[in-house]
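Engineer: I have a structure I would like to understand better, so I am pasting it below and will then ask my questions one at a time.
The values are calculated or read from the model by the stated rules, or taken from the named source; none is laboratory data. Keep in mind that this is a model prediction, so the values were computed, not measured. Cβ coordinates were reconstructed from backbone atoms using ideal geometry, including for glycine residues, and neighbour counts include every protein chain displayed. Note: areas computed on protein heavy atoms with side chains; ligands, DNA, RNA excluded. Shrake-Rupley method; radii C 1.70, N 1.55, O 1.52, S 1.80 Å.
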Amino acid sequence: MIDRMKNRKLTDDDIVNEIINYVDETLYNYAVMIDGEWGCGKTYFIKERLYKELEKYENEHRQSDHNYQQRKIIYVSLYGVKSIEEVTKKLLMEALIAKAGKGKGMIKKGTEVISSVLPVMFDILKNKGIELDANNITEATEKLVSIKNSILIFDDLERCDCPINEILGYINSFVEHENMKVIIIANQKEIGKGVSSANQELKYLVAAHDNIIFEKDQKREVLSQYFNSGRENENKNPVNIETVKDRVQKLFIEDNLYDKVKEKLIGVTIYYRPDLQTVFKELIISAELDNSLKEYLCADIDFFEEYMINEAHSNIRTFQFFLSKINQLYRKIIQIEDDGREAFLKYIIKYSFKISVSFRNGDYKYEWKGAEEYAFKSIGSIDIFGNQLSFRFVDDFITKSILEDGRIKDMFELFANEYLRMGSPEKEAFAELDSHWYELTDIVIEEKIDIILKGLENGAYDVKEYPRIINRFLELQEHGFPKDDTLKMIENMKISLSKLSHHIDIDNGYGVMYEGDRRNKYQKIVTELQKVIDQKFQNNYTNILDSYLSIKEGWGEKMKNYVSHNKNEICSSEGFLGKLDFEKLCKQIEGATSKDLHAFRSCIISLYARGILGKALEEESMLLSELRQCVENINTGGFDRIKKMQIKFLIENLKTGEEVYSANKVKF
């Protein structure tokens, strides 16, 4: 068998030319294998390129030589096929479809009748004494439609559930006995790794024997030892089921059998390595995406290719998965009306791609906790310093399909403040230190620390930036910078916090992606600083919400805006319903406009109806039923239709919140 150019990457054109040369080969009979990793785009290449090129070649040959008998191209996937008879049925189905002018394994409208009639036709053949096996495949199929003058393509060999010697023997009948051209598509690394289910109970019995020494290439000795040994110690040292399964794999795996059988059948092996840029561009252009998004994606094709190669994950299906995700994110982000929207979108495209690759590659670790919404963390094998600004809303959407508009807008503001809007020298000093401290000298880092400490004392930083500053100072301390810098940082933060004009929660969604000592120190500092704020604004939060209940119109919108800007504090520590006077609230609802009712409903939905968002809300969840009963008692007789509708929807929203929190209590 020839491994065609194993150590050199063949382009798609090279492979097409190799196959064209093969289908005209007349010196001897053999099959060609196209080998490649799962997800590398083999099937895409076959269906979208090679199949069409073979059809074109056969058409041109026929036009230039009218005596030439044009061959059909028949594609069959072996995925999940359990018997030779099943392969034969699929082969005949595709032959009929190809004859009707369709192909590539794509059963389209109008072929349902064929599908339903085929089983009956096969039964008729059996009644005539014609069994469907490798020895009489031609006789059987000639009764219905000829496949002899065809080029056969068998895909997914490694996913076939037939014993490997049977399926290759079956395919060999076309090559050796019918002189047909056959192309086999497979991931050779996975062939033979499965274990046949035949005699499974006996295989487990052998593998569970306690006197077997499981060494490589000792199958014959192992079996001999079992059948010749005494039984007196058979269950002396029991083994668990996972160990037994591993032993079955070692004893009865079929990879050695495959190596022997393929030598007779496979004449040439072509190693498929995708032209990622070409495939990416084709997928982007052919996808149902907004033209602007297509432009952004095409501009990043170099990045997509380089990142996949560096992560050893050149997987076309992962790219298709990414396209489906970024399309939905794009539709949300373009609704943001801000000059910085484009820069944010470009960042999210690359970040989403990294998370998609990590998730599909099996390397992703979900490390978000509590109300954390953003962090600087490592993604992939290249980033070892954790300097990638990461967003939980992206991770949640890619790994769990959870997407909320409010979270996107909040993170856009954070991104814009961090990277797009003009900053002070103090903010620029921290931005430089935060993004690439590991490239700076000790002297430069010490200079930046001095600027940051003075900025903290003078109130140059937003309190929402404190978590990142704390984390970076702790990291520098771990690498030998003075602990006094951290202590001075805490002292200066307290000075600035004493000048706050409104309450705020420091633990605002920033995630410390580290366990152990640093996380403990971080939490201790944050708790200490939060106490300073809480003592200063002990009654302020309640007073703000209470003041809204004194407004005749617009109170619902004010509550909605307040919830939007203080959601982290509300969820983690302050709560919402517990701060409201229900008697005042019910009177306000009774006299409210439909607009205010709609705005108030959005508060209930975002805080209670979409899931458990924080400890404070969970503790006051019993108030949902109390408020619902209060609203249900409102006399809506004189209300207009829209207001009645809003009241009805509010009651339903409250019921949903009750169900969410009730289910959580049952669970735990």
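Engineer: Considering Tyr364, Tyr307, which residue is under 27 Å from Tyr438 (Cβ atoms) and without any contact (Cβ under 8 Å) to a residue 60 or more places away in the chain?
Structural biologist: Values: Tyr307 fails: without any contact (Cβ under 8 Å) to a residue 60 or more places away in the chain.
The conditions single out Tyr364.
Engineer: Also: If we keep just the residues of region 334-359 that are closer than 17 Å to Gln388 by Cα and aliphatic (A, V, I, L, M), which is surrounded by the fewest Cβ atoms within 10 Å (Cβ to Cβ)?
Structural biologist: Filtering region 334-359 down to residues closer than 17 Å to Gln388 by Cα leaves 343-359.
Checking which are aliphatic (A, V, I, L, M) leaves us with 343, 345, 348-349, 355, 357.
Details: Ala343: 15, Leu345: 19, Ile348: 22, Ile349: 21, Ile355: 23, Val357: 24.
By that ranking, first place goes to Ala343.
Engineer: On the basis of being aromatic (Phe, Trp, Tyr) and more than 22 Å from Leu414 (Cα to Cα), does Phe393 make the cut? Working first, answer last.
Structural biologist: Working: aromatic (Phe, Trp, Tyr): yes; more than 22 Å from Leu414 (Cα to Cα): no.
Spelling it out, it is not the case that Phe393 is aromatic (Phe, Trp, Tyr) and more than 22 Å from Leu414 (Cα to Cα).
Engineer: Ok, one more. Please go through region 44-58 and give me each residue that is surrounded by 20 or more Cβ atoms within 10 Å (Cβ to Cβ) and either closer than 20 Å to Gln277 by Cα or free of Cβ contacts under 8 Å to residues at least 40 places away in the same chain (or both), ordered by number.
Structural biologist: Once the filter is applied, which keeps residues that are surrounded by 20 or more Cβ atoms within 10 Å (Cβ to Cβ) and either closer than 20 Å to Gln277 by Cα or free of Cβ contacts under 8 Å to residues at least 40 places away in the same chain (or both), region 44-58 yields Phe45, Ile46, Leu50.
Engineer: Right, something else. With the requirement that a residue be touching a residue at least 40 places away in the same chain (Cβ under 8 Å) and surrounded by fewer than 17 Cβ atoms within 10 Å (Cβ to Cβ), what does region 568-585 give you?
Structural biologist: Looking only at region 568-585, we keep the residues that are touching a residue at least 40 places away in the same chain (Cβ under 8 Å), and these are 568-578, 582, 585.
Gly578, Phe582 - these are the residues of region 568-585 that are touching a residue at least 40 places away in the same chain (Cβ under 8 Å) and surrounded by fewer than 17 Cβ atoms within 10 Å (Cβ to Cβ).
Engineer: In region 471-479, is there at least one residue being modelled with pLDDT under 95, touching an Asp or Glu at 6+ places or on another chain (Cβ under 7 Å), outside any helix (DSSP H, G or I) and buried (at least 18 other Cβ atoms within 10 Å of the Cβ)?
Structural biologist: Looking for residues that are modelled with pLDDT under 95, touching an Asp or Glu at 6+ places or on another chain (Cβ under 7 Å), outside any helix (DSSP H, G or I) and buried (at least 18 other Cβ atoms within 10 Å of the Cβ), one finds none in region 471-479, hence no.
Engineer: Sticking with this structure for a sec: State which residue pairs qualify: first residue at positive phi and inside region 456-475, second residue open to solvent by less than 30 Å² (accessible area, probe 1.4 Å) in any location, beta carbons under 9 Å apart, and separation of 6 or more residues or different chains.
Structural biologist: That search, which allows pairs on different chains as well, returns Gly459/Ser496.
Engineer: Would you confirm whether any residue within region 323-333 is open to solvent by less than 20 Å² (accessible area, probe 1.4 Å), of a type outside the set (Gly, Ala, Ser), under 19 Å from Gly406 (Cα atoms) and more than 16 Å from the chain's Cα centre (by Cα)?
Structural biologist: yes
Engineer: Can you name the helices (runs of 4 or more DSSP H) wholly within region 295-370 that have at least 1 residues being of a type in the set (Asp, Glu) and closer than 14 Å to Asp395 by Cβ?
Structural biologist: Details: elements: 301-310, 316-333, 341-361.
It comes to none.
Engineer: Let me ask you something else. Hey, which of the helices (runs of 4 or more DSSP H) in region 405-467, taking only ones fully inside, have at least 3 residues that are under 17 Å from Thr486 (Cα atoms) and touching a helix residue (DSSP H, G or I) at 6+ places or on another chain (Cβ under 6 Å)? Give the derivation first.
Structural biologist: Details: elements: 405-415, 425-436, 442-457.
In region 405-467, 425-436, 442-457 are the helices (runs of 4 or more DSSP H) which contain 3 or more residues that are under 17 Å from Thr486 (Cα atoms) and touching a helix residue (DSSP H, G or I) at 6+ places or on another chain (Cβ under 6 Å).
Engineer: Another one. Only one of (1) over 18 Å from Gly406 (Cβ atoms); (2) assigned to a helix (DSSP H, G or I); (3) under 40 Å from the mean Cα position of the chain (by Cα) fails for Asn568. Which number is that?
Structural biologist: Every condition holds for Asn568 apart from (1).
Engineer: Among the residues of region 593-640, which ones are among the small types (Gly, Ala, Ser) and in contact (Cβ under 8 Å) with a residue 40 or more places away in the chain?
Structural biologist: Let us first name the residues in region 593-640 that are among the small types (Gly, Ala, Ser), namely 594, 599, 602, 606, 609, 611, 614, 616, 621, 625, 637-638.
Answer for region 593-640, where residues must be among the small types (Gly, Ala, Ser) and in contact (Cβ under 8 Å) with a residue 40 or more places away in the chain: Ser594, Ala599, Ser602, Ser606, Ala609, Gly611, Gly614, Ala616, Ser621.
Engineer: Which pairs have Cβ atoms under 6 Å, sit 6 or more apart or on different chains, and link a residue in region 546-567 that is free of Cβ contacts under 8 Å to residues at least 60 places away in the same chain and over 21 Å from Ile506 (Cα atoms) to one that is open to solvent by 50 Å² or more (accessible area, probe 1.4 Å) and charged (D, E, K, R)?
Structural biologist: Close Cβ pairs satisfying both conditions: Tyr548/Lys558; Leu549/Lys584.
Engineer: Return yes when Leu420 is in contact with a strand residue (DSSP E or B) (Cβ under 7 Å, 6 or more places away or on another chain) and at pLDDT below 85 and no when it is not. Step through it out loud before you land on a result.
Structural biologist: Details: in contact with a strand residue (DSSP E or B) (Cβ under 7 Å, 6 or more places away or on another chain): no; at pLDDT below 85: yes.
Taking the combined requirement at face value, the residue does not satisfy it.
Engineer: If you don't mind, another one. Right, Asp65: over 30 Å from Ser314 (Cβ atoms), of a type in the set (Asp, Glu) and open to solvent by 10 Å² or more (accessible area, probe 1.4 Å) or not? Walk me through it before giving the result.
Structural biologist: Numbers: over 30 Å from Ser314 (Cβ atoms): yes; of a type in the set (Asp, Glu): yes; open to solvent by 10 Å² or more (accessible area, probe 1.4 Å): yes.
Spelling it out, Asp65 is indeed over 30 Å from Ser314 (Cβ atoms), of a type in the set (Asp, Glu) and open to solvent by 10 Å² or more (accessible area, probe 1.4 Å).
Engineer: Let me ask something else. Output the qualifying pairs, or none if there are none: Cβ atoms under 7 angstrom, residues six or more apart or on different chains, first residue in region 314-331 and in contact (Cβ under 8 Å) with a residue 40 or more places away in the chain, second residue open to solvent by 40 Å² or more (accessible area, probe 1.4 Å) and of a type in the set (A, V, I, L, M, F, W, C).
Structural biologist: Gln328/Leu403
Engineer: Also: Show me the helices (runs of 4 or more DSSP H) entirely contained within region 1-101 in which 2 or more residues are at pLDDT below 90 and of a type in the set (Lys, Arg).
Structural biologist: Values: elements: 12-23, 42-45, 51-64, 84-99.
Of the helices (runs of 4 or more DSSP H) lying wholly inside region 1-101, those with at least 2 residues that are at pLDDT below 90 and of a type in the set (Lys, Arg) span 84-99.
Engineer: Here is a follow-up. Of all the helices (runs of 4 or more DSSP H) wholly in region 571-645, which have at least 3 residues that are at pLDDT 90 or above and within 40 Å of the chain's Cα centre (by Cα)? Walk me through how you get there before you give the answer.
Structural biologist: Working: elements: 582-590, 594-604, 615-619, 623-632.
Because the criterion is at least 3 residues that are at pLDDT 90 or above and within 40 Å of the chain's Cα centre (by Cα), the helices (runs of 4 or more DSSP H) in region 571-645 that meet it are 594-604, 623-632.
Engineer: Something else about it: Residues in region 520-530: is at least one closer than 14 Å to Ile452 by Cβ, modelled with pLDDT of 85 or more, aliphatic (A, V, I, L, M) and not in a loop (DSSP other than H, G, I, E, B)? Please lay out each step first, then the result.
Structural biologist: Start the filter on region 520-530 by keeping residues that are closer than 14 Å to Ile452 by Cβ, which leaves none.
Scanning region 520-530, I find no residue that is closer than 14 Å to Ile452 by Cβ, modelled with pLDDT of 85 or more, aliphatic (A, V, I, L, M) and not in a loop (DSSP other than H, G, I, E, B), so the answer is no.
Engineer: For region 492-514, does any single residue satisfy the condition of being touching an Asp or Glu at 6+ places or on another chain (Cβ under 7 Å), surrounded by fewer than 16 Cβ atoms within 10 Å (Cβ to Cβ) and modelled with pLDDT of 90 or more?
Structural biologist: Yes; the residues of region 492-514 include at least one that is touching an Asp or Glu at 6+ places or on another chain (Cβ under 7 Å), surrounded by fewer than 16 Cβ atoms within 10 Å (Cβ to Cβ) and modelled with pLDDT of 90 or more.
Engineer: Something else: Could you say whether any residue in region 268-278 is open to solvent by less than 50 Å² (accessible area, probe 1.4 Å), part of a strand (DSSP E or B) and of a type in the set (S, T, N, Q)? Talk me through it step by step, then tell me what you get.
Structural biologist: The first filter runs over region 268-278 and keeps only residues open to solvent by less than 50 Å² (accessible area, probe 1.4 Å), leaving 268-272, 274, 276.
Subsequent filtering for residues that are part of a strand (DSSP E or B) retains 268-271.
If we keep only those that are of a type in the set (S, T, N, Q) as well, we get 269.
There is at least one residue in region 268-278 that is open to solvent by less than 50 Å² (accessible area, probe 1.4 Å), part of a strand (DSSP E or B) and of a type in the set (S, T, N, Q).
Engineer: So Ala287 passes all but one of these: (1) surrounded by fewer than 16 Cβ atoms within 10 Å (Cβ to Cβ); (2) at pLDDT below 90. Which condition number does it fail?
Structural biologist: Ala287 satisfies every listed condition except (2).
Engineer: Name, by its number, the condition in (1) surrounded by 18 or more Cβ atoms within 10 Å (Cβ to Cβ); (2) in contact with a strand residue (DSSP E or B) (Cβ under 9 Å, 6 or more places away or on another chain) that does not hold for Lys464.
Structural biologist: Status for Lys464: all satisfied but (1).
Engineer: Residues in region 589-596: is at least one open to solvent by 40 Å² or more (accessible area, probe 1.4 Å) and either among the aromatic types (Phe, Trp, Tyr) or over 29 Å from Asp405 (Cβ atoms) (or both)? Please lay out each step first, then the result.
Structural biologist: At the first step, the residues of region 589-596 found to be open to solvent by 40 Å² or more (accessible area, probe 1.4 Å) are 590-591, 593, 595.
Still in the running and either among the aromatic types (Phe, Trp, Tyr) or over 29 Å from Asp405 (Cβ atoms) (or both): 590-591.
Yes, the conditions are met somewhere in region 589-596.
Engineer: Write out, first by first residue and then by second, each pair whose Cβ atoms fall under 7 Å of each other, whose residues are 6+ apart or on separate chains, and whose first residue, in region 158-170, is more than 19 Å from Lys181 (Cα to Cα) while the second is open to solvent by 60 Å² or more (accessible area, probe 1.4 Å) and of a type in the set (Lys, Arg).
Structural biologist: Asp161/Lys82; Cys162/Lys82
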